[in-house]
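The values are calculated or read from the model by the stated rules, or taken from the named source; none is laboratory data. Just so you know, these numbers come straight off a predicted model, no measurement behind them. Here the Cβ positions follow ideal geometry from the backbone for every residue, glycine too, while neighbour counts run over all protein chains shown.
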Amino acid sequence: MDLEKLIKGLQGVDLVDEEPFFMLDNDIKRDNLELYFITDICLNFYELWTIFREIPNINNGKKIKYSWNFISKDEKYIFVLCDWNNNKKLLQTRNWRILSNIVDEVIVSRFLKTLCDALECYIKYYKSSIESRDFNSDNKEVNRCLQEIKRSLIENREILKTL
């Protein structure tokens, strides 16, 4: 799926909320949970790391090797960002699938809007600095975040190499 087309398609969705509606929670147990295909998306490692800064779950399943789990604040809805039939290492994986326990258009749009907002932030503030491996910005707050991202990459370097 084309990321820019996805962002433009969701720009009209008004989902204002004071708190985050979805939170990353890789401790969610989804063993017997029925998940439905939502969409495929192409994201590189830096985009994922900047947004999540957490090593994905490593799964022993044949279809899914890496996954991040998200839960709604009311704990009703679960979304999973995962690879699918992937034989690449984490750093080389670009194709991801979004699955959910719900196919409700409003809830799915809300999750995708949250993800698109995070990706838009990455593109606007972090992309050029991270992908050039400069990790610096003239904006004080962005620079602070870039330094945190750089530190987290260094701290997890050995683990990330093995995945």
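Of note:
- Test: residue in the stretch 103-123 that is of a type in the set (V, I, T), touching a residue at least 24 places away in the same chain (Cβ under 8 Å) and touching a helix residue (DSSP H, G or I) at 6+ places or on another chain (Cβ under 9 Å): no
- Residues of the stretch 51-69 satisfying the condition of being of a type in the set (V, I, T), in a loop (DSSP other than H, G, I, E, B) and under 12 Å from the mean Cα position of the chain (by Cα): I55
- The residues on offer are K161, K63, K140, and the sole one that is over 20 Å from I41 (Cα atoms), at pLDDT below 90 and of a type in the set (K, R) is K161.
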